[in-house]
1. Roughly speaking, to the nearest percent, how much of the chain's 1.4 Å accessible area is carbon and sulfur?
2. For region 123-198, state which trypsin sites (Lys or Arg not before Pro) are in a DSSP loop and have at most 13 other beta carbons lying within 10 Å of their beta carbon.
3. Rounded to two decimals, what is the ratio between the C-alpha radius of gyration of region 210-250 and 2.2 N^0.38 Å?
4. Enter the Cα centre distance for the pair region 51-117 and region 220-252, rounded to the nearest angstrom.
5. Residue 181 to residue 110: extension gain in nm, 0.36 nm per residue of separation minus the Cα-Cα distance?
6. So what does residue 151 come to for accessible area, using a 1.4 Å probe and Å² rounded to 10?
7. Working from Cα positions, state the angle (0 to 90°, nearest 10) between the long axis of helix 16-26 and the longest principal axis of the chain.
8. Suppose every K and R has +1 on its Cβ and every D and E has -1 on its Cβ; what is the size of the dipole of region 31-86 about the Cα centre, in Debye to the nearest 20?
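The values are calculated or read from the model by the stated rules, or taken from the named source; none is laboratory data. Since this is a predicted model, take the numbers as computed values, not measurements. Cβ sites come from the backbone with ideal geometry, for glycine too, and all protein chains shown count toward neighbours. Heads up: the accessible areas ignore ligands, DNA and RNA and are worked out on the full protein's heavy atoms, side chains in. Shrake-Rupley method; radii C 1.70, N 1.55, O 1.52, S 1.80 Å.
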Amino acid sequence: MKSQTRLKVGIIGLGAIGGHVANCIEKGEAGNAELVALVCRNKEKYLTINKDQSSHFKSLITDDIEALFNAKPDIVIEAAGQESLNQYGITILEKGIDLLVSSIGLFTNDDILDAFTQTAEQSGAQMLLSAGALPALDWMSASSLSKVKKVFITQEKPVISWKGTHAEKLIDLDAITEPTCFFEGTAREAANIFPKSSNISAMLALATVGLDKTKVRLVADPISLIMNTLIEFDSEVGQLQLNCQGIPSPENPSTSTGVPLSIVKSIRNLSSPIHYGI
Ligand SMILES: NC(=O)C1=CN([C@@H]2O[C@H](COP(=O)(O)OP(=O)(O)OC[C@H]3O[C@@H](n4cnc5c(N)ncnc54)[C@H](OP(=O)(O)O)[C@@H]3O)[C@@H](O)[C@H]2O)C=CC1
Ligand SMILES: O=C([O-])CC(=O)C(=O)O
């Protein structure tokens, strides 16, 4: 679409990511964009959470996906998890609506990725896979056009971030006294086994050497409250080692606070005459 037109945005999922993005758009912090529908599962719950928002904002909250389609968004932001992405994604694309995806881990299933891609090709809609909490993706994806020798990501999160995940079956999270690695494998495995916690490993893989060649370590830290993301990338055109120290979201300790801001940046770019660092 033309950047000068006001971008109509629908959001599915109003938790740590979707709620924050909605708030930024409503406050005019996301460029030339407006909210047209906010889809949740339990309308009363989200009307209560958003009781101090404007009556216009509250009027957009719905538990009916048809209300989102009736509002004719230019783009839908998925911020509700792999299951709802699987449930609604194809329909959104079939309708020619662009889809900005948070739950990248769904695409560890090649058949699902193919089906989404084919649908987008046929309708002309775009699938926009969010960088989310993943730093330096622009440089690494460009460098992957050369020969890549190594892509390795370590996600170290506080113990609380791993509660309620498969990590509980692998280690006793309450018993560890030092940072402990409980998973080593490929990005395909990590983002599949940890659907709410390792989407960035799938994002890194899909943008570089693929889901089976990208190596992942997951670590629980009983002391630090920081989300440490360590990346080692080695290619023909250069090397990168980085350590990004993110802050966990107060609403959801398994998500970094930077994730909604990454989406706000995307919405700004999509509705602006100038993109910084495309
Ligand atoms: N790419 C990245 O860097 C990251 C991606 N993610 C992905 O984003 C997703 C959302 O993260 P986050 O916001 O932190 O999670 P939250 O749990 O804070 O929020 C998820 C929201 O989605 C809602 N929801 C779930 N299913 C549906 C549905 N079928 N229809 C409408 N709403 C639904 C939940 O509602 P309810 O209150 O009813 O449960 C909740 O409000 C994660 O599941 C993960 O897949 C997360 C972190 C980083
Ligand atoms: O927010 C983060 O730090 C990363 C995350 O949860 C994910 O990749 O799913």
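1. Numbers: 6610 of 13550 Å².
Carbon with sulfur: 49 percent of the solvent-accessible area.
2. On the way: sites: 147, 149, 150, 163, 169, 188, 196; in loops: 147, 163, 196.
The qualifying sites are 147.
3. Values: Rg = 13.2 Å, N = 41, 2.2 N^0.38 = 9.0 Å.
This ratio for region 210-250 stands at 1.46.
4. 28
5. Values: separation 71, 0.36 × 71 = 25.56 nm, distance 2.75 nm.
Full-extension gain reported as 22.8 nm.
6. The accessible area comes out at roughly 10 Å².
7. Approximately 40 degrees, to the nearest ten.
8. On the way: 6 positive and 9 negative charges, 41 e Å.
In total the dipole reaches around 200 debye.
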